[in-house]
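The values are calculated or read from the model by the stated rules, or taken from the named source; none is laboratory data. As the structure is a computational prediction, the values presented were derived from the model and not from experiment. Reconstructed Cβ throughout: ideal geometry from the backbone, glycine too, with neighbour counts over all protein chains shown. Ligands, DNA and RNA are stripped out before the accessible areas are found, and what is left, the full protein with its side chains, is counted by its heavy atoms. Shrake-Rupley method; radii C 1.70, N 1.55, O 1.52, S 1.80 Å.
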Amino acid sequence: MPTQTAPPLHAFVQLSYGYGARSWHARWQKGEIPGINEPYAYGYYRAAGPDVTVEQSEDRAENPFSRLVRYGVRFVLGFDFVQAWRNRAGILSADVVWTHTEAQALAVLLLYRLTPRRTHPPLIAQSVWLMDRWPHEPAWRRLFMRSLLSRADMLTFLSPENLAQARTVFPGQRMEWIPFGICADDMTDHPPPVRTSGDPVRVLSLGNDRHRDWSTLMAATSPLPDGVACHVTIATANRFVPPPHVTRVTPTHNDMLFRLYDEADLVVVPLTHNLHASGITVIEEATLRGLPVIATDTGGLRHYFGEDCVFYVPVGDAQAMGHAIVTLACDPDRCTAMVSNARERMRTDLNSRSYALRHVALSRELVSQRSPAAREAADNGPAAARDMKITVGIATCGRPGILRETIAELRRQTHPPHRIIVCAPTLQDMAGLDAADGLVLLQGPRGLAHQRNMLLQHMEDADIVVFFDDDFLPDPDYLAQCAMAFASDPEIVVATGRVLADGAKGPGLTVEDARAMLADPAINDTPPLPAVQTAWNGYGCNMAYRLSTIAEMGVHFDERLPLYAWYEDIDFSRQLGRRGRIVRVNGAKGIHLGSKSGRTPGRRLGYSQVANPLYLSRKGTFPLDHALRSIGRNMAMNAIRSLWPEPYIDRRGRIIGNWLALRDALLGRISPEKMLTL
């Protein structure tokens, strides 16, 4: 019987206009793309093989009108959406999509937003300049870009410094560093020059990046230390007035560029501070041409080449750069060793084939998470997941009857909880429950943040803590699915489940309603969703945390958020997200009853709807644009619905609370605690 084999992985590479497969290849054949380049841009085609096919975006011929439309859309959005729209058939039919810069990633994600009924392949969204530009972007554009990029399956970066900065903007998202490499098939020998007294050192510097520091290079070589003569050639499209010892050229053909390399003694990459490994392509090209390199120590270049490969100097230090040039010019043996070490790095890791294959490995991981086989594997579960100790923490107040039903559902979990801990202000709040093996009853101050902090103090030897609201009824496999997710990916630090029905958004649900829904396969379904998806935060009614990360960071729920502690889940999740991923585990399902008993009165809750987002924005765990959007959305809903209020929501009390908070904000006296005085 013939063996069935899986179809090849089909990757689609979306690149900017001008980098289309046919147009790039035609220019490459003519030598019109200066540099050591690939037949197809960036070498993604090297990932192709018997089990992988790679398709690259194409450029459509344009007339003046269509070009004007594309430029106009790009001007408004900040990225070329028209190019992605023209390639939408290839994007939407792929198994996975790769982009090279944030511009293409944003365009693909907007395409996904505008085609909600289509199946969207996972996206590996690479960014290059985004983190350098982020502080300078207008607030509305940051909001727009964050909204799009937060939905990417994976964010990748060419520099660990870029990635570290992105953690502060997109905490909890899946991120990877992918070292960039160029075509390393051929390496040209370049013997170190034998200098005689009076011979000038021939320095070559190249690049068009705005982070090139030409002024420091020219200061460093005018003159060189010890009276050493020097001539500098700067190959760039940037315009400046060069001093007498500097020649500025603009290579338009590879023959001219390679001649510049051949005539140089060494290459200098002068840089201003940056995060995106500016200059890495030039360093790799110089290495392939056999030239030693001096580079400014910034942008994460050390993660590519150590000091045995590249001579590093501090940012803006002309004196150190001048001494480095003289040192290498007078030490041919050191130059030879540096080039040899750098070439070994390129043979093994820093080349276009390794770069492309890293995309394949990450793609297989993303695709497998969406496959039926991955869900079947999750059902079986590895030993690490079966052995994981999960403690369930429940903060409760005023709902003893519902609490007992929730505890009963937890007793039915296929992955039994290691311990269930309940914290309530009074014993009456836990009436009908008796402490026993596996069930711990605690009394603590009233307030969700206070109670959850007390729960954290009694976790003991658990691996994972899952916080359930006292009115959340989980599917029997909820904890098993959580265990599988945390065991399979050590980067996951926060997880939230899939809420099948949320009574908090309506009049509420009864326990009988919830059990009927869990038993109904039309509601408790298994749609073709990824096993794990990136999420913004854990949703307070059901959220899980890795306890080792909580202990390592020493975080706690913010007790300045009183009573119902509006948005304490966002604050806590986003703090943990700085150390790893925040995800939604789609197999972890349940019903949130949304019981109306024990809720915060309308006026107090309305005050918190404004005060808490502003407080968390100042604290740094809730971006201001998100805070303002949340405040605006809640105020608009309260104002509109206050005209015809729902019987189960005090809309008029909430809108009064909203306006009281706005007044206090304008007077500079707003604080979360003030809601207790209302």
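Taking 7 Å along the Cα-to-C-beta vector as the label spot, tell me the Gln29-Arg347 distance in nanometres, rounded to one decimal.
3.3 nm
Taking N as the number of residues in the chain, what is its alpha-carbon radius of gyration divided by 2.2 N^0.38 Å? Don't skip to the answer; put the middle values down first.
Numbers: Rg = 29.7 Å, N = 678, 2.2 N^0.38 = 26.2 Å.
Rg over 2.2 N^0.38 Å, computed on Cα atoms: 1.13.
If the chain between Asp199 and Met256 were fully stretched, how many nm would it gain, using 0.36 nm times the residue separation less the Cα-Cα distance?
Fully extending the segment from Asp199 to Met256 adds 18.2 nm.
Please find the FRET efficiency linking Ala408 to Glu552, where r is the Cβ-Cβ separation and R0 is fixed at 30 Å, and quote it to the nearest 0.05.
Numbers: r = 35 Å, r/R0 = 1.15.
For Ala408 and Glu552, the calculated efficiency is 0.30.
Pop the C-beta distance of Glu62 and Asp331 into the FRET formula with R0 = 41 Å and round what comes out to the nearest 0.05.
About 0.20, to the nearest 0.05.
Based only on Cα atoms, what mean projected area does the convex hull of segment 244-294 have, in nm²? Could you put the intermediate results ahead of the total?
On the way: hull surface 17.7 nm².
Quarter of the Cα hull surface area: 4.4 nm².
Which order do Thr250, Thr236 take when ranked by solvent-accessible area (1.4 Å probe, heavy atoms of all protein chains), largest first?
On the way: Thr250 70, Thr236 5 Å².
Putting Thr250, Thr236 in descending order of accessible area: Thr250, Thr236.
Can you check what the net charge comes to around Ala139, using other residues whose Cβ is under 15 Å from the Cβ of Ala139 (Lys, Arg +1; Asp, Glu -1)?
It works out to a net charge of +3.
To the nearest 10 Å², what's Asp226's accessible area with a 1.4 Å probe?
Ignoring ligands and nucleic acids, Asp226 comes out at about 140 Å².
Once the cut-off is 21 Å, how many percent of the Cα-Cα pairs in segment 1-71 end up in the long-distance tail?
Roughly 42 percent, rounded to a whole number.
Can you give the Kirkwood hydrodynamic radius for segment 534-659, in Å, rounded to one decimal and based on Cα pairs?
On the way: mean 1/r = 0.0629 Å⁻¹.
The answer is 15.9 Å.
Work out the charge dipole of segment 394-551 with +1 on the Cβ of Lys and Arg and -1 on the Cβ of Asp and Glu about the Cα centre, then indicate which of Ala522, Pro476, Ala435 is farthest towards its positive end.
It is Ala435.
Determine the distance separating the Cα centre of segment 611-625 from the Cα centre of segment 81-126; give it in Å without decimals.
31 Å
State, as an integer percentage, the relative contact order of segment 571-678 based on alpha-carbon contacts under 8 Å between residues 6 or more apart.
Across segment 571-678, relative contact order equals 37 percent.
Hey, can you rank 88-97, 60-69, 276-285 by average C-beta count inside 10 Å, highest first? If you can, show how the numbers build up before the last one.
Values: 88-97: 19.4, 60-69: 10.5, 276-285: 25.0.
Output ranking for 88-97, 60-69, 276-285: 276-285, 88-97, 60-69.
Along the Cα→Cβ direction, 7 angstrom out, place labels at Glu365 and Ser222. What is the inter-label distance in nm?
With each label placed 7 Å out from Cα toward Cβ, I get 4.8 nm.
Let me have the relative contact order for segment 167-307, percent, based on Cα pairs under 8 Å that are six or more residues apart.
Dividing the mean separation by the residue count of segment 167-307 yields 28 percent.
Might you tell me the accessible area per residue for segment 249-351, computed with a 1.4 Å probe and given in Å²?
35 Å²
Based on the Cβ-Cβ distance from Ala431 to Asp625, what FRET efficiency comes out when R0 is 51 Å, to the nearest 0.05?
Working: r = 45 Å, r/R0 = 0.88.
So the FRET efficiency works out to roughly 0.70.
Show me the ranking of peptides 482-494, 404-416 by mean Cβ neighbours inside 10 Å, starting with the highest. Working shown, then result.
Details: 482-494: 22.5, 404-416: 16.6.
Result, highest mean first: 482-494, 404-416.
Among Gly181, Val232, His211, whose Cα sits farthest toward the positive end of the charge dipole of segment 145-254 (+1 at Cβ of Lys/Arg, -1 at Cβ of Asp/Glu, about the Cα centre)?
The listed residue farthest towards the positive side: His211.
Using 0.36 nm times the number of residues separating Arg663 and Arg210, minus their current alpha carbon distance, what extension gain do you get? Mind showing how you got there, number by number?
Details: separation 453, 0.36 × 453 = 163.08 nm, distance 4.53 nm.
Additional length available on full extension: 158.6 nm.
Sum up the charges of everything whose Cβ sits under 9 Å from the Cβ of Ile36, counting Lys and Arg as +1 and Asp and Glu as -1, but leave Ile36 out.
-3
How do Ser548, Ser642 rank by accessible surface area computed with a 1.4 Å probe, from largest to smallest?
Values: Ser548 70, Ser642 20 Å².
Accessible-area ranking of Ser548, Ser642, largest first: Ser548, Ser642.
Counting only heavy atoms of the protein chains, get the accessible area per residue of segment 591-678 (1.4 Å probe) and round it to a whole Å² value.
I get 48 Å² per residue for segment 591-678.
Quick one: with all protein chains in place, what share of the accessible area of the chain is carbon or sulfur, to the nearest percent (1.4 Å probe)?
55 percent
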